[in-house]
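Visitor: My questions all concern the structure below.
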Amino acid sequence: MLSEDQKAILHNSGIYLSSLTEEQVDAIAGRQIDETELTDDQLVEFLEIANALYRGGSQIISDAEYDFTFLTDLRMRNPHHPFLEKVESEAAFIGKTVELPARMLSTEKAYSKKAIEQWGTRIRKAADKVNTNFDSLEFRVTPKLDGFAAYDDGVRLYTRGDGRRGTDITRVFDRGLSVANEGERGLGAGEIVVNRRYFDENLQQYFENPRNFQTSVIKEKELEEYAAKAIQDKASVFFPFTLLPSWVGAWQALISNFEAIVLNVRSSVEYDVDGVIIEITDNDLKNEMGATRHHHSWQIAYKENMEAAHVTVIDVLPQTSRSGRVNPVAKVEPTRLSGALVQRATAHHYKMVLDKGIGPGAVIELTRSGEVIPKIGTVITPVVAELPRECPSCGSEVVWDGDYLYCPNTIGCPAQIANTMEHFFKMLRHVDLFGTASIEKMYANGVRSVEQIYKLEASDFENMGFGPKQSENLVEQLNRSRAEKIEDWRFLAAFGVFRLGPGNCEKLLSHYLLEDIFNLNEDQIVGVEGFAKKTAIIAIKGLKSIKPLFDELYSLGFNLERTPLVEQIDKPFSPISGKQIVFTGSMIHGNRDDMEKEAKRLGAKVGKSVTGKTDILVTGANVGASKMNDAKVQGVQILSEKDYLELIK
């Protein structure tokens, strides 16, 4: 699921989920949903989300995965898709956008030497057109920095934004950021970067990756001491492109020694790079060639392409993830691919293993790019696949859910325990400080259940390594979680019972009281709309497994708000009774949760995305175009927040 920081980045970037849910985004990023299974709209939406989060310092996939997996798939499906012509904007920050002193475009990308040669042919044709000798042209090759793009006009520093308008971040220079190589201000486009070795030795304990650090330097909040020191030590700098080290020479020299030149240029700086930039230096020819809406035609980026190899599978090993999904990991004969010795590869899910015949003795095509985990492509020689019957972590019988195998033992499976504890507090929503880092620290100190957490005192937290004030705050948050009102369906969903997500919990509790849930039989659950027999069987097992923990936590006195029972909902007098409603955008009347609750009390069904079953789309401020377009295509009634409130008044 997306964190609050990630949601804020998407909000500031004007990106809203319409074709995808948070769960789907998480599954795609984790490679549990293959990109080939996505519609064009879903693929583009994921690309927009991934780009915004990567540039905002909270990436869900690597830059190489973005380029070589998802962007490549879209380019193969539809080479002329409008998304491919958009500038990949840098993260948006709160504040007014301003016109950039010069356009900052994206760069055309090439993934093979052949593609570079084709670009060279275009340069030759343009040179012939203006009577310029191609063989005498000068080509410049520089490292493609993997930093935060910005523009310095000597007075202000701007984010790239959408290539035309960006945000003023001059505060970065006010904090002491210097220009690389003792350069002067006002050298135009460049990137904010951090020395990789310095990051590994001094910052890695505070930031997940350099991109996290770069965005922290830019944000309005006060810098942490270690971030400020990195600027003071000149480990973090603004590197204008004009000051980058380079190889300069004629086309024939470049293409004859291409691999060696690329290798030398890539390693010429101490910062993260994700390729090289190749461009001509002749200004007259640059003006002649001009630019598209997306990139300058006289410039191209070269990124290493995927390499492939045919290998034999030695074994397929089940591996339980933090979410309970049992993933197949193929152990293959050692093979060198993209400069690394590969011995394992991901097979996405067990339905793929079953359908494609992946098992010991199978011959598969393996692809790898950069640092991306090797991926199984075509199966050359299939075999009869064997599937695990038990979870490798706890021995519980695994169950199918779509294409995936799951371990349903959410609270007792060692592989899932930390995730289960984190999930509990994430579902409560109004509790702070119990994120991944805090939960992992507790887990490392022997805490294995939410029940144990609620028994901890400030001194216990201090003994685990939390600071005195932080320990007091953690206890305060635990007390707050019990005191503040929370929906009973949210409380039940927090236990993470397989197949009992928030939606199903709410359905169930609209027919039965929370206290009676654990005594329901299969027929009673199947009698609730949306529950199949298979789901009912799994839910009953899951409820039985959490009963002791539920009783322990329920006795702590959480302030639970009951879900209105179906027979208590005043349907006959509601103009939206029985209708399916989707809310989108920022609301004035109340937050979206409150408005959804109100609609449900009036007998409506609330959806998260516009489908053929949607009756009304209620729009607030900052509405994404996708939902509006979907509503128009589906013939859905569109109401402003004001009109909707008038309707239900």
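The values are calculated or read from the model by the stated rules, or taken from the named source; none is laboratory data. Only a predicted model underlies this, so the values are computations on that prediction, with no experimental measurement involved. Don't worry about glycine lacking a Cβ; one is built from the backbone with ideal geometry, like all the others, and counts go over all protein chains shown.
Visitor: Mind checking which pairs have a first residue in region 1-17 that is within 20 Å of ASN629 (Cα to Cα) and a second that is of a type in the set (D, E, K, R) and at pLDDT 80 or above, Cβ under 7 Å, 6 or more apart or different chains?
Guide: Correct list of pairs: ILE15/GLU48.
Visitor: From ASN591, ASN559, which residue is more than 28 Å from ILE525 (Cα to Cα) and surrounded by fewer than 16 Cβ atoms within 10 Å (Cβ to Cβ)?
Guide: Being more than 28 Å from ILE525 (Cα to Cα) and surrounded by fewer than 16 Cβ atoms within 10 Å (Cβ to Cβ) holds for just one of ASN591, ASN559, which is ASN591.
Visitor: Check ARG368 against each of (1) basic (Lys, Arg); (2) surrounded by 19 or more Cβ atoms within 10 Å (Cβ to Cβ); (3) at pLDDT 75 or above and name the one condition it does not meet.
Guide: (3)
Visitor: If you don't mind, there's one more thing I want to ask. Residue check, TYR644 against (1) surrounded by 17 or more Cβ atoms within 10 Å (Cβ to Cβ); (2) modelled with pLDDT under 85, all met but one. Which one?
Guide: Single failed check for TYR644: (2).
Visitor: If we scan region 473-490, do we find a residue that is in contact with a Leu (Cβ under 6 Å, 6 or more places away or on another chain) and under 30 Å from LEU405 (Cβ atoms)?
Guide: Within region 473-490, one or more residues are in contact with a Leu (Cβ under 6 Å, 6 or more places away or on another chain) and under 30 Å from LEU405 (Cβ atoms).
Visitor: Name the single residue that is nearest to ILE192 (Cα to Cα) among those in region 67-97 being touching a Phe, Trp or Tyr at 6+ places or on another chain (Cβ under 7 Å) and modelled with pLDDT of 75 or more.
Guide: Of everything passing the filter in region 67-97, PHE70 is nearest to ILE192 (Cα to Cα).
Visitor: Follow-up question, since we're still on this one. Can you tell me which residue in region 123-155 is surrounded by the fewest Cβ atoms within 10 Å (Cβ to Cβ), limited to those that are among the β-branched types (Val, Ile, Thr) and in a loop (DSSP other than H, G, I, E, B)?
Guide: Ranking the qualifying residues of region 123-155, first place goes to VAL155.
Visitor: I want to confirm something. Restricting to region 107-122 and keeping residues that are outside any helix (DSSP H, G or I) and in contact with a Ser or Thr (Cβ under 9 Å, 6 or more places away or on another chain), which single residue is nearest to LYS86 (Cα to Cα)?
Guide: Among them, the one singled out is GLU108.
Visitor: Next question, about the same structure. From the set of residues in region 185-221 that are of a type in the set (S, T, N, Q), under 20 Å from ILE169 (Cβ atoms) and in contact with a strand residue (DSSP E or B) (Cβ under 9 Å, 6 or more places away or on another chain), which is modelled with the lowest pLDDT?
Guide: Within region 185-221, the match that is modelled with the lowest pLDDT is THR215.
Visitor: Just to be sure I understand, how many residues within region 514-547 are hydrophobic (A, V, I, L, M, F, W, C) and touching a residue at least 60 places away in the same chain (Cβ under 8 Å)?
Guide: Residues meeting the conditions: 2.
Visitor: May I ask you to verify whether GLY161 is in contact (Cβ under 8 Å) with a residue 40 or more places away in the chain, on the phi > 0 side of the Ramachandran plot and buried (at least 18 other Cβ atoms within 10 Å of the Cβ)?
Guide: Against the criterion (in contact (Cβ under 8 Å) with a residue 40 or more places away in the chain, on the phi > 0 side of the Ramachandran plot and buried (at least 18 other Cβ atoms within 10 Å of the Cβ)), GLY161 qualifies.
Visitor: Restricting attention to region 407-443, which residues are within 16 Å of ILE546 (Cβ to Cβ), among the hydroxyl-bearing types (Ser, Thr, Tyr) and within 21 Å of the chain's Cα centre (by Cα)?
Guide: THR420
Visitor: Here's something else I'd like to know. Inside region 197-244, can you point out the residues that are charged (D, E, K, R) and surrounded by fewer than 16 Cβ atoms within 10 Å (Cβ to Cβ)?
Guide: ARG197, ASP200, GLU201, GLU208, GLU220, LYS221, GLU222, GLU224, GLU225, LYS229, ASP233, LYS234, listed by residue number.
Visitor: Given the options VAL276, VAL265, name the one that is in a helix (DSSP H, G or I) and within 23 Å of SER112 (Cα to Cα).
Guide: Of the residues listed, the single one that is in a helix (DSSP H, G or I) and within 23 Å of SER112 (Cα to Cα) is VAL265.
Visitor: Might you check whether a residue that is at pLDDT 90 or above and either among the small types (Gly, Ala, Ser) or over 26 Å from the mean Cα position of the chain (by Cα) (or both) occurs anywhere in region 301-308?
Guide: The answer is yes, given that some residue of region 301-308 is at pLDDT 90 or above and either among the small types (Gly, Ala, Ser) or over 26 Å from the mean Cα position of the chain (by Cα) (or both).
Visitor: Which residue, of PHE491, PHE495, is crowded, with 19+ Cβ neighbours inside 10 Å and more than 17 Å from ARG562 (Cβ to Cβ)?
Guide: Only one candidate passes the filter, namely PHE495.
Visitor: Check VAL269 against each of (1) surrounded by fewer than 19 Cβ atoms within 10 Å (Cβ to Cβ); (2) in contact with an Asp or Glu (Cβ under 8 Å, 6 or more places away or on another chain) and name the one condition it does not meet.
Guide: Every condition holds for VAL269 apart from (2).
Visitor: Looking at ASP26, ASP40 in this structure, which one is in contact (Cβ under 8 Å) with a residue 24 or more places away in the chain, outside the structural domain of GLY402 (by TED's automatic domain parsing) and loosely packed, with under 15 Cβ neighbours inside 10 Å?
Guide: It is ASP40.
Visitor: Same structure again: Which of (1) closer than 19 Å to TYR271 by Cβ; (2) not in a loop (DSSP other than H, G, I, E, B) does GLY176 not meet, given it meets every other one?
Guide: Checking GLY176 against (1) closer than 19 Å to TYR271 by Cβ; (2) not in a loop (DSSP other than H, G, I, E, B), the one that fails is (2).
Visitor: Quick one: in region 322-347, of everything that is surrounded by 17 or more Cβ atoms within 10 Å (Cβ to Cβ) and in a loop (DSSP other than H, G, I, E, B), which residue is modelled with the highest pLDDT?
Guide: GLY324
Visitor: What is the residue count in region 156-173 for residues that are assigned to a strand (DSSP E or B) and of a type in the set (A, V, I, L, M, F, W, C)?
Guide: Summing the residues that are assigned to a strand (DSSP E or B) and of a type in the set (A, V, I, L, M, F, W, C) in region 156-173 gives 1.
Visitor: Turning to a different aspect of this structure: What's the number of the only condition in (1) farther than 25 Å from ARG325 by Cα; (2) in contact with a helix residue (DSSP H, G or I) (Cβ under 7 Å, 6 or more places away or on another chain); (3) at pLDDT 85 or above that LEU20 fails to meet?
Guide: Among (1) farther than 25 Å from ARG325 by Cα; (2) in contact with a helix residue (DSSP H, G or I) (Cβ under 7 Å, 6 or more places away or on another chain); (3) at pLDDT 85 or above, LEU20 violates only (1).
Visitor: Let me ask something else about it. Looking at PRO408 and the list (1) modelled with pLDDT of 85 or more; (2) surrounded by fewer than 16 Cβ atoms within 10 Å (Cβ to Cβ); (3) not in a helix (DSSP H, G or I), which single condition is not satisfied?
Guide: (2)
Visitor: Mind listing just one residue for me: the one in region 219-247 that is part of a strand (DSSP E or B) and of a type outside the set (S, T, N, Q) and, of those, farthest from the chain's Cα centre (by Cα)?
Guide: If we take residues in region 219-247 being part of a strand (DSSP E or B) and of a type outside the set (S, T, N, Q), then TRP247 is farthest from the chain's Cα centre (by Cα).
Visitor: Something else about it: What number of residues within region 272-295 satisfy the criterion of being surrounded by fewer than 18 Cβ atoms within 10 Å (Cβ to Cβ), within 29 Å of the chain's Cα centre (by Cα) and modelled with pLDDT of 85 or more?
Guide: 0
Visitor: Sticking with this one: Going residue by residue through region 432-439, is there one that turns out to be of a type in the set (Gly, Ala, Ser), modelled with pLDDT under 95, crowded, with 19+ Cβ neighbours inside 10 Å and assigned by TED's automatic domain parsing to the domain that holds GLU476?
Guide: yes
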